[in-house]
Amino acid sequence: MKFFLFISLFGFCWGQYDPQTQYGRTAIVHLFEWRWVDIAKECERYLAPKGFGGVQVSPPNENIVVYNPSRPWWERYQPISYKICTRSGNEDEFRDMVTRCNNVGVRIYVDAVINHMCGAGGGAGTSSTCGSYYNANNRDFPSVPYSAWDFNDGKCDGEINNYNDANQVIDLGGEAIKGSEYFGNGRVTEFKYGAKLGTVIRKWNGEKMAYLKNWGEGWGFVPSDRALVFVDNHDNQRGHGAGGASILTFWDPRMYKMAVGFMLAHPYGFTRVMSSYRWPRNFQNGKDVNDWIGPPNNNGVTKEVTINPDTTCGNDWVCEHRWRQIRNMVAFRNVVNGQPFSNWWDNGSNQVAFGRGNRGFIVFNNDDWSLSTTLQTGLPAGTYCDVISGDKIDGNCTGIKVTVGSDGKAHFSISNSAEDPFIAIHAESKL
């Protein structure tokens, strides 16, 4: 059943009552592997004007440099130290990004990798993003400093051999740092440092870890007005990967846009849009041959995110958050914020619709035949601009127009072969 694909998008959502975004901003974007200097620019030129509430950034701490495969995305999740020194930039650039984004009301969420260092197979030497020495097999990371005394041994051989084994994923054997007093002091140092940099909101990535909620009790070293803890287990997100959510297993742009649209229209949770560099996928024999690729680069140096005249990204970057359908649904979510889920309709198959009080209404056709029906929208009478097919500009609509009658009803026609087989209207798209 195709509509089941929509439900998988709830993996995108975080159930947080107070995500600390600026009032009226209800969604953030994960600018996966972006450089700090590019994120600072994007906050000012696009995210703030378009109503995004924040940016989740890739791990800022020093990591191992992996050459086989060549510089994969996952090397960012192999820590060497807590120095802010990665291919995304240095500490000064990170600090400038945080300041500039906060100045325009866009918060920074840090994907902080804690509770493990790089895998035992990482070897030894200075092949790290800041040149720090490490000996992974001996669990020696002097730049923290950590030694073998600070790790849990005996649970496995230091590597995850089976990602379907929950015990291995949770405990991680030799990689996992034990919850000792020394370890606790190390975390205090790390997160005090993060707060000093001005990171208003920290997004903790409890990498392969199940016990953070217990360790977090009583940790008052990051002032409540400066930071908020989010817990998310990276390896529990497998299948999401750099693409963002399990829906992307299907790699269908139409399906992707509908799924993200559903997520942003639905009142559940705190939403995060994925924006990356890996579209379209390259499949051979059913396998994604680019599964491990890192960001666009020149000899390992991450490329600048450039902006084309049509506002899309260039220089080999793909920026889903700039797609009209997605950025307009971020606006939709902001407009309907606080309104109840209402006026559900479905055809018993894969055509569905629902409203958000008297502020918004959305209709999807994920069937193999056309949709043509009259529905109760809950909106005031008037003509509305469909924000999926176009934009409201100077009182006019560049896309489909929808007329809502005095009874709140409107007729919707959506071809199954449409480029984007869904329609969304809201209070601020009224003409």
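The values are calculated or read from the model by the stated rules, or taken from the named source; none is laboratory data. Note that the structure is a prediction, hence the values are computed from the model and not measured. Using ideal geometry, Cβ is built from the backbone for each residue, glycine included, and neighbour counts are taken over all protein chains shown. Surface areas here come from the heavy atoms of the whole protein model, side chains and all, with no ligands, DNA or RNA. Shrake-Rupley method; radii C 1.70, N 1.55, O 1.52, S 1.80 Å.
Pairs are defined by a Cβ separation below 6 Å, a sequence spacing of at least 6 or placement on different chains, a first member in segment 120-147 that is closer than 14 Å to CYS85 by Cβ and in contact (Cβ under 8 Å) with a residue 60 or more places away in the chain, and a second member that is open to solvent by less than 40 Å² (accessible area, probe 1.4 Å) and of a type in the set (S, T, N, Q); the pairs so defined are THR129/ASN63; THR129/THR86; SER132/SER81; SER143/SER81; SER143/SER132; VAL144/SER81.
Of the conditions (1) under 17 Å from ASN416 (Cα atoms); (2) free of Cβ contacts under 8 Å to residues at least 24 places away in the same chain; (3) among the β-branched types (Val, Ile, Thr), VAL363 satisfies every one except a single condition; which number is it? Of the numbered conditions (1) under 17 Å from ASN416 (Cα atoms); (2) free of Cβ contacts under 8 Å to residues at least 24 places away in the same chain; (3) among the β-branched types (Val, Ile, Thr), the odd one out for VAL363 is (2). Per the listing GLY355, GLY348, the residue uniquely free of Cβ contacts under 8 Å to residues at least 40 places away in the same chain and assigned to a strand (DSSP E or B) is GLY355.
Here ASN334 passes the criteria (1) under 27 Å from the mean Cα position of the chain (by Cα); (2) not in a helix (DSSP H, G or I) except the one numbered (2). Please verify whether segment 101-117 includes one or more residues that are over 12 Å from SER58 (Cβ atoms), in a helix (DSSP H, G or I), open to solvent by less than 10 Å² (accessible area, probe 1.4 Å) and in contact (Cβ under 8 Å) with a residue 12 or more places away in the chain. Looking through segment 101-117, at least one residue is over 12 Å from SER58 (Cβ atoms), in a helix (DSSP H, G or I), open to solvent by less than 10 Å² (accessible area, probe 1.4 Å) and in contact (Cβ under 8 Å) with a residue 12 or more places away in the chain. Name every residue in segment 403-417 that is within 13 Å of SER372 (Cα to Cα) and either open to solvent by less than 90 Å² (accessible area, probe 1.4 Å) or in a loop (DSSP other than H, G, I, E, B) (or both), in order of residue number. Across segment 403-417, the qualifying residues are ALA410, PHE412, SER413, ILE414, SER415, ASN416. Scanning segment 39-64 for residues being touching a Ser or Thr at 6+ places or on another chain (Cβ under 7 Å), in a loop (DSSP other than H, G, I, E, B) and either surrounded by fewer than 19 Cβ atoms within 10 Å (Cβ to Cβ) or of a type in the set (Gly, Ala, Ser) (or both) gives a total of 2.
Of everything listed in (1) touching a His at 6+ places or on another chain (Cβ under 8 Å); (2) under 20 Å from VAL330 (Cβ atoms); (3) open to solvent by 40 Å² or more (accessible area, probe 1.4 Å), the single unmet condition for ILE400 is (1). Among the residues here, THR126 qualifies as in contact with a Phe, Trp or Tyr (Cβ under 8 Å, 6 or more places away or on another chain) and of a type outside the set (A, V, I, L, M). Taking the criterion of being modelled with pLDDT under 90, under 12 Å from the mean Cα position of the chain (by Cα) and in a helix (DSSP H, G or I), the residues of segment 233-284 that qualify are HIS234, GLN237, GLY241, ALA242, GLY243.
Here is a check on your reading of the model: is PRO69 under 23 Å from the mean Cα position of the chain (by Cα) and either assigned to a loop (DSSP other than H, G, I, E, B) or without any contact (Cβ under 8 Å) to a residue 12 or more places away in the chain (or both)? No; evaluated as a whole, the condition is false for this residue.
Take the conditions (1) within 32 Å of the chain's Cα centre (by Cα); (2) under 21 Å from TYR256 (Cα atoms); GLY378 misses just one of them, which is (2).
Please tell me if ILE293 is modelled with pLDDT of 90 or more and among the hydrophobic types (A, V, I, L, M, F, W, C). No, not satisfied.
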